[in-house]
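The values are calculated or read from the model by the stated rules, or taken from the named source; none is laboratory data. Keep in mind the model is a prediction, meaning the values are calculated, not measured. Here Cβ is always computed from backbone atoms with ideal geometry, including for glycine, and neighbour counts include all displayed protein chains.
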Number of protein chains: 2
Amino acid sequence: MTSNFADRLEEAVSRAGNPCLVGLDPHVDLLPDEFAAARSGATRSERAAAAADFLCEVIDLVAGRIPAVKPQSALFEVHGAEGAMAWERVVRAARDANLLVIGDVKRGDIDSTARAYARAFLEGDPKDPSSRCDAVTVNPLLGTDSVKPFLETCSRTGAGVYVLVRTSNPGGALFQEHGSPPLYERIADAVVEWGRGLIGHGGLSSVGAVVGATHPAELASLRARMPSVPFLIPGYGAQGAGAADVAGGFLPGGRGALVNSSRAVLFAWREPRFARMHWKDATRAALDEMIAALTAVTAAARA
Amino acid sequence: MTSNFADRLEEAVSRAGNPCLVGLDPHVDLLPDEFAAARSGATRSERAAAAADFLCEVIDLVAGRIPAVKPQSALFEVHGAEGAMAWERVVRAARDANLLVIGDVKRGDIDSTARAYARAFLEGDPKDPSSRCDAVTVNPLLGTDSVKPFLETCSRTGAGVYVLVRTSNPGGALFQEHGSPPLYERIADAVVEWGRGLIGHGGLSSVGAVVGATHPAELASLRARMPSVPFLIPGYGAQGAGAADVAGGFLPGGRGALVNSSRAVLFAWREPRFARMHWKDATRAALDEMIAALTAVTAAARA
């Protein structure tokens, strides 16, 4: 992992032929019946192992079909040390399957602390670098000095970061739209700036932005404001956004964005229209739909 | 742990007779020589164990003298699963020593994810509730729905949260001062609102605010703006603020704030004036100074 993250990202997207990102959010209560033993009553260690077993099967299903996965840290941390072990097992499995791994950790802290977070997630175990993520999500509230340690690590190791700019949840507006211009535009400008030293051969930077799909107009205006910045677009699927809502997030040519779906793919078997299928078939079917819908979006952007 | 966090906090401060908070930031590279084996070359597991061994000795030194400690999550996470084990060992040791534990995790995410973080840190292992923190720090950038799961947990379990309002680092101004009124005032007003349902017998809420000591004028104006909100004031000691700088953070009577010092206490032996002492004596001496300085501040506020 020495080349620029943005270049590896573009390569992975072009290899897969689509910009789909599957979020690995192992809510234990939602696991398929064959993992039922892991639900209530089981120990934290059994629940963590079940979450990792499930996700490793999901990784087998999506490998070779999409460019990247996004494990969600909270759902591992809830299992304590066993959860941290499960996290590394899932990161390794995804990397072994040639998937890029974007750790959704949303960390942000003062410099010496941020340095420890960058090391924890972007370098992993020094004796086993396969435990590291290709990129992580970062919360920018503490400003430039809280992001710099991540940038330094990216520059040294070829990793990437995605900075929260405009989130997809209903409450996101309260602070992110504060002021005039709104805070999220100010964060967007900082993200462009932070990425200047990390531009790859393809012209994209390794400092990306998380921009929700639930605000299509903002998504398009942020896309225009940040032409060198790869987007990570959450909110597709279970959070309500469709393919049309994310179209504005792509650069001309259909480049420059990953679109994430977590629950709608992982737990597709819970949806009425997939109810008679085995969970793996439901997940495959949901993934097929997502790939088809987003391939159409990027094809339209290329036309 | 069923009574209101704010009440347990006031009780702990009045029992200790001072508002000192010691941050447990186990930078392995800074550990005293007797932990030198744990530095470069050792395995992640050895480093994690050394960090926990060191902090357990620090806990012995401070127990009975101060109301609370604040372990910093990043410095544990950097050791992977072994770090998570070390975290729980330190949390347990502090609780056993009758210290309140404020987990400095600065998490913030959409609702279902925030719920997992709240469970991870405020409830801990269901089979061993002594692994839980009394309170955690929370990043509010994602808005009300990202904080609510923490508030629900607080209401059910008697835990507390400290929301980042104005941080002590140099870069904090970039986004926190954005807009007019500045963002941090808007966050402050939300914190007051979020705490309304969690007011204790003493009139303070279990929803606190992190307000840096490196901005004394803002600290005093925020104190006036948030009379029911307990403050956690970082920036004292190694980050440059002194006792005079934090005075404005207290309510009349010297109540309502904890003042944190991490490196200046933990690694006091590295300072020239303590250089000939054993690290434990240096830490004791640094803590004595901090307690004396802050007791003077709260006594002045009572006069």
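Mind listing whichever residues of segment A:200-213 are modelled with pLDDT of 95 or more and either within 14 Å of chain B (Cβ to nearest Cβ) or under 18 Å from residue A:144 (Cβ atoms) (or both)? A:205, A:206, A:207, A:208, A:209, A:210, A:211 - these are the residues of segment A:200-213 that are modelled with pLDDT of 95 or more and either within 14 Å of chain B (Cβ to nearest Cβ) or under 18 Å from residue A:144 (Cβ atoms) (or both).
If the condition is being surrounded by 24 or more Cβ atoms within 10 Å (Cβ to Cβ), more than 7 Å from chain B (Cβ to nearest Cβ) and either without any contact (Cβ under 8 Å) to a residue 12 or more places away in the chain or in contact with an Asp or Glu (Cβ under 7 Å, 6 or more places away or on another chain) (or both), then segment A:141-165 contributes A:159, A:160. Within the set of pairs 6 or more residues apart or between chains, which connect a residue that is over 18 Å from residue B:158 (Cα atoms) and at the interface with chain A (Cβ under 7 Å from one of its Cβ atoms) inside segment B:99-119 to a residue that is among the basic types (Lys, Arg) and surrounded by 24 or more Cβ atoms within 10 Å (Cβ to Cβ) with Cβ atoms less than 7 Å apart? Qualifying pairs under 7 Å: B:108/A:106; B:109/A:106.
Within segment B:249-303, the set of residues being on the phi > 0 side of the Ramachandran plot and in contact with a helix residue (DSSP H, G or I) (Cβ under 6 Å, 6 or more places away or on another chain) comprises B:253, B:254.
Tell me whether segment A:2-23 contains one or more residues that are of a type in the set (Val, Ile, Thr) and surrounded by fewer than 17 Cβ atoms within 10 Å (Cβ to Cβ). Within segment A:2-23 (the criterion being of a type in the set (Val, Ile, Thr) and surrounded by fewer than 17 Cβ atoms within 10 Å (Cβ to Cβ)), the answer is yes, since at least one residue qualifies. Taking segment A:88-103 as the range and being in contact with an Asp or Glu (Cβ under 8 Å, 6 or more places away or on another chain) and within 19 Å of residue A:46 (Cα to Cα) as the test, only A:88 passes. Looking only at segment A:40-47, decide whether some residue is out of contact with any Phe, Trp or Tyr (no Cβ under 7 Å at 6 or more places or on another chain), surrounded by 21 or more Cβ atoms within 10 Å (Cβ to Cβ) and in contact (Cβ under 8 Å) with a residue 24 or more places away in the chain. Yes, the conditions are met somewhere in segment A:40-47.
Going through (1) buried (at least 21 other Cβ atoms within 10 Å of the Cβ); (2) touching a strand residue (DSSP E or B) at 6+ places or on another chain (Cβ under 6 Å) one by one, residue A:204 falls short only on (2).
Please specify each residue of segment B:20-47 satisfying the condition of being under 15 Å from residue B:85 (Cα atoms) and assigned to a helix (DSSP H, G or I). Residues satisfying the conditions are B:44, B:45, B:46, B:47.
For segment A:105-135, residues that are within 16 Å of residue A:210 (Cβ to Cβ) and part of a loop (DSSP other than H, G, I, E, B) total 3.
Once segment B:166-203 is narrowed to residues that are without any contact (Cβ under 8 Å) to a residue 12 or more places away in the chain and part of a loop (DSSP other than H, G, I, E, B), the residue that is nearest to residue B:235 (Cα to Cα) is B:177. So, in segment A:1-16, exactly how many residues are in contact with a Lys or Arg (Cβ under 9 Å, 6 or more places away or on another chain) and either on the phi > 0 side of the Ramachandran plot or modelled with pLDDT under 95 (or both)? Residues flagged as in contact with a Lys or Arg (Cβ under 9 Å, 6 or more places away or on another chain) and either on the phi > 0 side of the Ramachandran plot or modelled with pLDDT under 95 (or both) within segment A:1-16 amount to 1. Exactly one residue out of B:30, B:61 is within 14 Å of chain A (Cβ to nearest Cβ), hydrophobic (A, V, I, L, M, F, W, C) and in contact with a helix residue (DSSP H, G or I) (Cβ under 9 Å, 6 or more places away or on another chain): that is B:30. Taken as a whole, the condition of being assigned to a loop (DSSP other than H, G, I, E, B) and more than 7 Å from chain A (Cβ to nearest Cβ) does not apply to residue B:95. The set of residues in segment B:248-283 being surrounded by fewer than 17 Cβ atoms within 10 Å (Cβ to Cβ) and either among the aliphatic types (A, V, I, L, M) or assigned to a helix (DSSP H, G or I) (or both) consists of B:270, B:272, B:273, B:275, B:277, B:280, B:281. Yes or no: segment A:224-239 includes at least one residue that is buried (at least 23 other Cβ atoms within 10 Å of the Cβ), assigned to a helix (DSSP H, G or I) and aliphatic (A, V, I, L, M). No, there is no match, as no residue in segment A:224-239 is buried (at least 23 other Cβ atoms within 10 Å of the Cβ), assigned to a helix (DSSP H, G or I) and aliphatic (A, V, I, L, M). Reported count of residues in segment A:64-75, each being within 15 Å of the chain's Cα centre (by Cα) and either away from chain B (no Cβ under 14 Å) or in a helix (DSSP H, G or I) (or both), is 6.
Here residue B:87 clears all of (1) buried (at least 23 other Cβ atoms within 10 Å of the Cβ); (2) outside any helix (DSSP H, G or I); (3) not β-branched (Val, Ile, Thr) except the condition numbered (2). Considering only residues that are away from chain A (no Cβ under 11 Å) and of a type outside the set (Gly, Ala, Ser), look in segment B:166-193 and name the one that is surrounded by the most Cβ atoms within 10 Å (Cβ to Cβ). Only one residue fits best here, namely B:191.
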